[in-house]
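The values are calculated or read from the model by the stated rules, or taken from the named source; none is laboratory data. Because the structure is a prediction, the values reported are computed rather than measured. Positions of Cβ are generated from backbone atoms using ideal geometry, with glycine treated the same way; all protein chains shown enter the neighbour counts.
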Amino acid sequence: MIEVEGLTKQYGAVRAVDDLTFDVKPGLVTGFLGPNGAGKSTTMRMILGLDKPTAGRATINGKPYRDIKNPLHEVGALLDAKAVHPHRSAANHLKWMAQSNGIAPSRVDEVLGLVGLSDVAGKKAGGFSLGMGQRLGLASALLGDPGVLILDEPVNGLDPEGIYWVRSLVRALAAEGRSVLISSHLLSEMALTADHLVVIGRGKLVANQSTKDFVAANSGSHVIVRSDYLDTLAESLTAEGLDFDRATDDEGRPTLVINDQEVDYVGKLAFSLGVPLNELTVKRASLEEAFMGLTGDSVEYSAGTLPSGAAGAGTIAPQPQAQEDNNVV
């Protein structure tokens with residue numbers, strides 16, 4: 001278990017982390033979210049004793065990281081996958097870590113197989129692609145079979161298969177009773193991975209609740225209705241004082257979009273009017289929409305718009321996500 005109490009980090013006039021308090025409980029995947037510059041990496045570094053807090057404390061299983069003997073047996077961390085000697089092979093990188101923490105050499109082969117690097121175990125880490133480096137970093141974190149995992153952007157550079165594998169892995173590890181703290185900018189992936197969310201902005205705690213409750217509390221739901229008698233239903237919705245919009249679906253058919261309501265209520269209303277429905281569905285906001293709605297004022301840098309006619313007339317053109325390259329350079 002990870003316990004963070006009043007954690008604060010000051011860099012001159014800048015307060016990177018401001019009085020953070022939260023727990024990472026066993027048996028759950030806890031997502032650690034926030035805009036760039038929110039203080040996520042700094043917080044993780046303080047938990048691991050790499051940065052000294054200005055105030056507050058962070059403990060793992062009741063002790064500061066520096067007081068843990070043979071820490072790889074208790075805590076596995078991935079903060080920077082590039083922090084590997086480029087001329088050392090993947091196997092040798094793990095072997096020296098194992099030896100320094102009293103871990104059996106056979107465990108090196110186990111974790112290399114687990115992360116899919118057995119075939120390149122003898123290759124120098126400096127020639128690894130971004131995705132392969134991430135896999136080696138995950139192998140390092142898993143080396144001591146720890147009960148606590150701290151992972152900063154572990155899916156960065158992985159292809160879809162790799163992302164799915166990481167998701168399945170961390171959820172399986174949490175199901176075994178381990179504490180997992182994981183940060184990622186891929187919010188759609190975090191929605192599938194995290195049971196609980198700790199959200200920060202400008203170093204301060206913004207939310208600390210289950211993923212389901214976070215989305216429900218910070219976004220609304222919309223009921224979509226399609227019928228041959230929309231005008232009758234619209235008149236009743238207006239009389240009830242309900243907020244709705246007229247729209248069309250993907251096939252150009254007219255619909256009503258009723259805001260902040262549930263299908264049960266709308267269905268009963270339509271039944272009472274004798275209005276047959278061709279469609280009655282609910283659309284709930286995504287984690288991404290809820291996150292942006294809550295943290296929009298906490299971003300360090302805001303993108304501007306492009307001149308009219310450029311890259312979609314006022315929108316920033318999406319950039320391709322880095323994909324894993326399975327070739328060794």
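Here is how the numbers come out for the structure above:
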read-out	value
Matching strands (runs of 3 or more DSSP E) fully within region 1-91 where at least 1 residues are of a type in the set (Val, Ile, Thr) and more than 18 Å from residue 198 (Cα to Cα)	14-24, 75-78
Residue pairs meeting the criteria (Cβ under 8 Å; at least 6 apart or on separate chains; first under 11 Å from residue 136 (Cα atoms), in region 84-112; second of a type in the set (Val, Ile, Thr) and part of a loop (DSSP other than H, G, I, E, B))	93/84
Residue that is surrounded by the most Cβ atoms within 10 Å (Cβ to Cβ) [pool: residues in region 169-178 that are over 14 Å from the mean Cα position of the chain (by Cα) and in a helix (DSSP H, G or I)]	174
Hey, residue 33 at pLDDT 95 or above, out of contact with any Cys (no Cβ under 6 Å at 6 or more places or on another chain) and surrounded by 20 or more Cβ atoms within 10 Å (Cβ to Cβ) or not	no
Which listed residue is assigned to a loop (DSSP other than H, G, I, E, B), without any contact (Cβ under 8 Å) to a residue 60 or more places away in the chain, over 30 Å from residue 3 (Cα atoms) and not acidic (Asp, Glu), from 242, 256	242
Matching entry among 123, 69 (being assigned by TED's automatic domain parsing to the domain that holds residue 169 and within 25 Å of residue 41 (Cα to Cα))	69
Count - residues of region 1-30 that are crowded, with 22+ Cβ neighbours inside 10 Å and farther than 26 Å from residue 169 by Cα	4
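Rundown of residues vs (1) part of a loop (DSSP other than H, G, I, E, B); (2) touching a residue at least 12 places away in the same chain (Cβ under 8 Å); (3) hydrophobic (A, V, I, L, M, F, W, C); (4) crowded, with 21+ Cβ neighbours inside 10 Å, yes/no style:
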site	(1), (2), (3), (4)
134	no, yes, no, yes
140	no, yes, no, yes
155	yes, yes, yes, yes
163	no, yes, yes, yes
185	yes, yes, no, no
192	no, yes, yes, no
199	no, yes, yes, yes
205	no, yes, yes, no
213	no, no, no, no
